Amino acid sequence: MQYIGEHLFPGQLGHFFSVLSLVASLVATIAYFKANRTDELSGKKSWVRIARFSFLLETGSVLGIFASLYYIISNHYHEYYYAWNHSSRSLPLKYILSCFWEGSEGSFLLWSFWHCVLGWVLIKTSKSWEAGVMTVVSFAQFCLASMLIGIYFFGAKVGSNPFILWRQQMPEIPLFSDPNYLQLPRVFEGNDLNTLLQNYWMVIHPPVLFLGFASTIVPFAYAYAGLEKNDHSWVKTSLPWASFSAAVLGTGIMMGAAWAYESLSFGGYWAWDPVENASLVPWITLVAGLHTNLIYKSTGYSLRSTYFFYIITFSLVLYSTFLTRSGILGDTSVHAFTDLGMNTQLLLFLLIFLIPALAMFFYRYKKIPFIAKEESSYSREFWMFIGSLVLFLAAIIIIAKTSVPVFNKLFGTNIAPPEDPEYAYNQIQVFVAIIIGILTAVTQYLKYKDTPNAYFGKKVGIPTLIAIVLSVCISLFGNINFEKKGIGFLAAIHVAIFASVYAIVANASYIWIVMKGKIKIAGASVAHVGFGMVLLGVLLSSSKKAVLSWNTTGVAVFKKEKNEDPAENITLFKTVATDMGKYMVTYARDTFNEKERKRFYEIHFKSKDGKEEFSLYPDIIKNNKGMEGFAANPAAKHYWNKDIFVYISSFQENKPDTASFRNIELQKGDTTFFSNGLVILNKVSINPEEQKAKFDKDETALFLDMTAISKDGRRYPVNPGIIIKGSTMRKLPDTVKAQSLIIQFNKVSDPQTGKLEIGMKESSAVSDLVTLKVYEFPMIIVLWMGVVVMVTGFGMSIADRVKKASLTKV
């Protein structure tokens with residue numbers, strides 16, 4: 001069959017580049033391996049030339065794949081399954097790049113791209129280590145290239161081809177019997193990008209995160225090359241790389257936290273989601289390795305630990321790849337990818353690096369230099385090692401809890417996730433924060449090898465006193481009242497606040513007391529200040545987080561669920577100012593943005609003391625990808641000391657009124673009831689002056705003066721009426737929108753006794769309403785500023801080490 005309108009060349013070109021990438025990376029791996037094993041100089045140079053040319057070809061291939069796929073997606077060539085499944089014609093142009101990394105294939109491509117960039121930096125800078133290090137990088141490139149090849153090898157699927165045609169991916173679908181299938185509405189429009197990814201953070205967060213993931217291979221490669229050559233001089237060279245990787249990976253993780261804060265409606269920036277944990281754990285072990293690396297550089301201790309941490313860090317990145325792309329986390333994470341049928345390949349990707357590296361590590365273990373004499377407990381290296389060990393234990397706990405779905409699948413168990421996942425992690429990690437915070441504060445004041453007691457006490461005394469005073473003030477006057485998990489956990493929070501303040505004060509003081517204000521060489525201290533600020537920001541914003549949207553209306557539009565409690569959600573009726581604690585809140589209006597395909601709600605806040613007045617614009621977007629309902633995107637008002645955070649938890653869609661009137665007979669002074677209150681008939685008025693605009697002079701009007709009273713005491717006037725002219729009668733119902741209540745005057749049942757018949761119904765169709773949840777996050781700015789300061793410190797440290805290295809060469 002000849003299909004109409006297909007564009008086959010871009011896909012054929014892209015697949016050619018995929019095959020070329022696979023072959024070139026394999027040739028580069030072999031050539032670098034041979035170069036690393038060859039001692040004869042001319043032979044070594046020959047193999048390196050072949051390897052570099054192959055890596056150049058590999059780099060060009062990766063760029064070719066990227067360009068081909070971008071061309072296909074941006075031109076909406078929906079004959080390709082990847083383009084159809086991850087984009088649409090109505091998708092705003094700024095999100096086109098996000099379509100790449102919605103699928104696993106695009107994520108592997110992004111990872112491979114960063115390996116190319118890092119590879120050329122290593123070729124330029126690694127000197128005698130080039131062959132050994134680039135053997136590892138090139139082999140990783142070969143593994144990643146195999147993820148994009150999409151072929152069957154002896155019946156086993158190898159990779160997933162992003163350039164496969166939809167009709168080849170799913171040939172059994174009947175729509176492909178039509179040669180003009182591309183014009184069918186469902187195909188022509190596209191399947192769209194996941195609504196959760198339609199956020200600017202998801203354009204910049206994945207590239208930074210994957211640069212962090214990719215960069216962990218550099219310390220790993222140096223460690224593996226060092227083990228193979230039994231040469232340990234790489235440790236000094238790897239320090240700037242480890243710092244760079246820690247800085248970029250940490251930034252990527254916190255960009256993800258910022259995305260969650262702005263796009264997800266769980267009310268925060270971190271939920272210990274399995275995918276969050278899978279990226280955090282390698283960062284923790286990398287930081288542990290960075291510190292043992294520093295120990296070895298300065299004292300000769302902890303080389304074995306440095307090898308182990310760098311090996312395990314890259315292996316944990318590969319393990320996180322398996323966790324997030326195997327589909328095994330599908331029921332436990334909102335971030336995980338679906339199963340592409342590549343589980344075996346993903347597992348091999350992990351094992352093919354982990355097993356040889358650990359085998360080489362244990363084979364060389366006894367030959368790795370170590371100092372038999374134990375470190376002094378008054379030395380910097382001793383407590384740095386303790387800190388690294390604590391970080392490693394924290395990483396083990398996090399990854400063990402995260403791997404429960406893997407255990408269940410491997411061993412047939414049915415271990416259920418904890419009822420409160422956040423507390424399950426927090427009750428342990430708060431003590432990790434205490435230990436690491438205190439060690440971060442005091443360890444720099446210790447000298448390597450040994451420290452006189454008088455020296456240590458003199459230097460650390462004033463920062464300790466300042467930290468105690470500040471933390472006590474925060475605890476006493478900061479309104480830290482997180483008592484829902486018991487007094488023990490609250491006490492731990494207060495101690496952790498001291499530890500984080502201590503880390504900030506002690507490291508800031510170290511710059512002036514010990515380093516005499518030489519800020520250019522104080523990168524480590526600046527990074528530690530930032531880390532302390534992150535800890536403090538997390539503690540303050542989480543322990544003082546307060547719900548502002550307590551339900552004061554009595555209207556509950558949904559039942560209590562695990563994630564939402566109607567008591568914590570307030571329902572607003574359009575244009576009706578509603579009491580919400582210290583604010584009067586009004587649902588002013590809503591508008592639909594055709595370009596963004598989002599409905600924005602204008603929520604107006606006015607403090608009762610008149611000092612604050614602002615509007616927030618949370619939005620909703622219809623879910624796609626088989627998910628029902630709508631996704632809520634929060635909005636926040638930022639102050640220097642807090643954020644007011646709001647998201648839509650429910651809203652009223654336009655729908656027909658299917659409710660019917662319930663007829664009731666009343667007399668003057670009688671009361672009747674509705675679901676949220678009662679209605680009193682006060683009196684009947686004939687041709688009332690205040691209603692004269694509703695009837696003509698030759699008509700007779702009867703209006704009821706009624707009062708509706710809700711359960712919370714709110715009173716609403718209701719004035720239904722009837723208009724009589726000759727033998728005809730028309731009714732004028734009245735509505736209490738805030739209570740979704742409609743009352744109409746039906747007739748006078750008995751003029752003698754004054755009995756009247758009214759009709760009453762409750763219908764959500766008459767009200768424009770929205771239900772929202774509002775939080776207050778105190779001092780969250782400390783967290784975001786801490787991230788900036790910490791990354792700045794890493795950058796300063798990298799610059800200082802590179803400068804010292806260049807001076808050494810001169």
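The values are calculated or read from the model by the stated rules, or taken from the named source; none is laboratory data. Just so we're clear, the structure is a prediction, and the values are computed from it rather than from any experiment. Note that each Cβ is placed from the backbone with ideal geometry, even for glycine, and that neighbours are counted across all protein chains shown. Surface areas here come from the heavy atoms of the whole protein model, side chains and all, with no ligands, DNA or RNA. Shrake-Rupley method; radii C 1.70, N 1.55, O 1.52, S 1.80 Å.
Summary of values
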| read-out | value |
| --- | --- |
| Residue within the stretch 756-766 that is of a type in the set (Val, Ile, Thr), touching a residue at least 12 places away in the same chain (Cβ under 8 Å) and part of a helix (DSSP H, G or I) present | yes |
| Residues satisfying the stated conditions in the stretch 552-579, i.e. open to solvent by 40 Å² or more (accessible area, probe 1.4 Å) and aliphatic (A, V, I, L, M) | Ala556, Val557, Ala567, Val576, Ala577 |
| Selected residue (criterion: most open to solvent (accessible area, probe 1.4 Å)) from residues of the stretch 284-303 that are assigned to a helix (DSSP H, G or I) and polar (S, T, N, Q) | Ser298 |
| Listing of strands (runs of 3 or more DSSP E) fully contained in the stretch 651-727 that carry 2 or more residues being among the aliphatic types (A, V, I, L, M) and either farther than 22 Å from Asn746 by Cβ or in contact with a helix residue (DSSP H, G or I) (Cβ under 8 Å, 6 or more places away or on another chain) (or both) | 700-710 |
| Only one of Ile743, Ile723 that is touching a residue at least 60 places away in the same chain (Cβ under 8 Å), in contact with a Ser or Thr (Cβ under 9 Å, 6 or more places away or on another chain) and open to solvent by less than 40 Å² (accessible area, probe 1.4 Å) | Ile743 |
| Identity of the residue in the stretch 728-740, open to solvent by 20 Å² or more (accessible area, probe 1.4 Å) and not in a loop (DSSP other than H, G, I, E, B), that ends up modelled with the lowest pLDDT | Lys737 |
| Residue in the stretch 437-460 that is of a type in the set (Gly, Ala, Ser), without any contact (Cβ under 8 Å) to a residue 40 or more places away in the chain and part of a helix (DSSP H, G or I) present | yes |
| The listed residue being loosely packed, with under 13 Cβ neighbours inside 10 Å, within 58 Å of the chain's Cα centre (by Cα) and modelled with pLDDT of 90 or more, out of Pro717, Pro656 | Pro717 |
| Counted residues, the stretch 125-152 - those being modelled with pLDDT of 95 or more, closer than 24 Å to Thr237 by Cβ and either of a type outside the set (A, V, I, L, M, F, W, C) or surrounded by fewer than 23 Cβ atoms within 10 Å (Cβ to Cβ) (or both) | 8 |
| Cβ pairs under 6 Å, 6+ apart, first in the stretch 788-802 and touching a residue at least 60 places away in the same chain (Cβ under 8 Å), second open to solvent by 40 Å² or more (accessible area, probe 1.4 Å) | Met790/Phe531; Ser797/Ala524; Ile798/Phe244; Asp800/Ile521 |
| Qualifying residue in the stretch 196-204 (condition: in a loop (DSSP other than H, G, I, E, B) and without any contact (Cβ under 8 Å) to a residue 12 or more places away in the chain) | no |
| Residue list for the stretch 17-38, filter: open to solvent by 40 Å² or more (accessible area, probe 1.4 Å) and either among the aliphatic types (A, V, I, L, M) or not in a helix (DSSP H, G or I) (or both) | Val19, Leu20, Val23, Leu26, Val27, Ile30 |
| Residues of the stretch 258-283 classified as surrounded by 20 or more Cβ atoms within 10 Å (Cβ to Cβ) and of a type in the set (A, V, I, L, M, F, W, C), total | 8 |
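Matching residues to (1) surrounded by fewer than 16 Cβ atoms within 10 Å (Cβ to Cβ); (2) of a type in the set (A, V, I, L, M):
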residue	(1), (2)
Met384	no, yes
Ile396	yes, yes
Lys401	no, no
Ala416	yes, yes
Glu419	yes, no
Gly437	no, no
Lys449	yes, no
Gly461	yes, no
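Residues are listed down the side, and each one gets a yes or a no for (1) touching an Asp or Glu at 6+ places or on another chain (Cβ under 6 Å); (2) open to solvent by less than 40 Å² (accessible area, probe 1.4 Å); (3) among the β-branched types (Val, Ile, Thr):
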residue	(1), (2), (3)
Ala635	no, yes, no
Trp640	no, no, no
Phe645	no, yes, no
Phe661	no, no, no
Ile680	no, no, yes
Thr707	no, yes, yes
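The rows are residues; the columns are (1) open to solvent by less than 80 Å² (accessible area, probe 1.4 Å); (2) more than 32 Å from the chain's Cα centre (by Cα); (3) at pLDDT 95 or above; (4) not hydrophobic (A, V, I, L, M, F, W, C).
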site: His15; (1), (2), (3), (4): yes, yes, yes, yes
site: Glu40; (1), (2), (3), (4): no, yes, no, yes
site: Ser46; (1), (2), (3), (4): yes, yes, yes, yes
site: Ala51; (1), (2), (3), (4): yes, yes, yes, no
